[in-house]
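Enquirer: This is the structure, below, for whatever I ask next.
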Amino acid sequence: MLQIDLISIFPEYLAPLKLSLLGKAQDKQLLSINIHDLRDQTADVHHSVDDTPYGGGAGMVMSPVAWGDAIDQITKDDEIVDLIILTPAGRKFTQKIALEFSKSKHIIFACGRYEGIDARVGQYYADKANFRVHEISIGDYVLGGGEVAAMVIIEATARLIPGVLGNPDSLKEESHSITGDGEDLLVEYPNYTKPANWRGLEVPQVLLSGNHGEIAKWRKAQAERRTRELGSE
């Protein structure tokens, strides 16, 4: 079972992790998701978790003190932990990285806010033998915090865990599927369902033909076309 812990100052933001596919995976004990409030690690009356940046500049930086205490509380020295720090400056998340994470035993998401988390947090845990630290971004844009990014990564990762999807064959032909040698495949071809005519738009005739060889060729050609078009954008 994959254990996932999320640390945030807005734990209620992460409520959707109990729904749909992720909720069912937790019910089947394929996945354990625990949410922790960073402010529980503070002692002052305002529950402060940030301070002004050394060297000056706009915004506030999240203090390493609360983060270190929060991470230490949910880890053991004899387990391997993947610590994911969400940051726009991180490595861009891909299906290949999702596959890596799906093989983990324990993942901690550090959902930062403001100008981010004091850099010493990542540095400290990267120096520990049982930690693997990953700075991850989900794209070339900036969000208000790491919570949304964490949910994206969890959903992409969890569905690759055996047993989470009702039909494992669903993984084989979808966009960005991973081959045995770890290379990305084409994006998925367009899909259609009943009715065959909707508002004057017809389903491609080849899909109604019953000729599975021709259908497979059409789908491959459509996937190649879509992939080329994405690459030219």
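No lab work stands behind these numbers, since they all come straight from the coordinates. All of these numbers come straight from a predicted model, not from anything done at the bench. For neighbour counting, all protein chains shown are included, and Cβ atoms are generated from backbone atoms with ideal geometry for every residue, glycine included.
Enquirer: Can you tell me which lysines have their Cα less than 29 Å from the Cα of Lys96? Leave out same-chain residues fewer than eight positions away.
Expert: Counting by Cα, and skipping residues close in sequence, Lys96 has these lysines nearby: Lys18, Lys24, Lys28, Lys76, Lys105, Lys128, Lys172, Lys217, Lys220.
Enquirer: Determine the sum of side-chain charges near Met1: Lys and Arg each +1, Asp and Glu each -1, restricted to other residues whose C-beta is under 10 angstrom from that of Met1.
Expert: Every neighbour counted, the sum reads +2.
Enquirer: A further question follows. Arrange Met60, Met151, Met1 by Cβ neighbour counts within 10 Å, fewest through most, would you?
Expert: Met1, Met60, Met151
Enquirer: Also, I was wondering about something else. Starting with the fewest neighbours, write out Trp67, Trp198 ranked by other beta-carbon atoms found within 10 Å of each beta-carbon.
Expert: Fewest-to-most Cβ neighbours within 10 Å comes out as Trp198, Trp67.
Enquirer: Are there DSSP H segments in the chain that both extend 27 Å or more along their axis (alpha-carbon positions) and score a mean Kyte-Doolittle hydropathy of at least -0.5? List them, or say none.
Expert: Span-like helices here: none at all.
Enquirer: Follow-up. From the residues Tyr114, Gln29, Ala66, which one has its Cα farthest along the dipole of the chain in the positive direction, the dipole being from +1 and -1 charges on Cβ of Lys/Arg and Asp/Glu about the Cα centre?
Expert: Result: Gln29, furthest along the dipole toward the positive end.
Enquirer: Per the helix-only calculation at 222 nm, which mean residue ellipticity applies to the chain, given -39500 (n - 2.57) for every DSSP H run of n ≥ 4 and division by its residues, nearest 500 deg cm²/dmol? Walk me through the numbers on the way to the answer.
Expert: On the way: 6 runs with 65 residues, N = 233.
For the chain, the value works out to -8500 deg cm²/dmol.
Enquirer: While we're here: Counting just the Cα atoms, what span does the range 59-174 cover along each of its three principal axes? Round to the nearest Å and put the largest first.
Expert: 45, 37, 18
Enquirer: Still on this structure, I have one more. Could you state the principal axis extents of the C-alpha atoms in the range 1-118, from the largest down, to the nearest angstrom?
Expert: Computed over the range 1-118, the largest-to-smallest principal extents equal 47, 32, 32 Å.
Enquirer: What is the sum of charges, Lys and Arg at +1 and Asp and Glu at -1, for the other residues whose Cβ falls under 12 Å from the Cβ of Glu100?
Expert: +3
Enquirer: While we're on this one: Could you give me the radius of gyration and the Dmax of the chain, taking only the C-alpha atoms into account and expressing both in angstrom?
Expert: Spelled out, the Cα radius of gyration and Dmax of the chain are 21.6, 70 Å.
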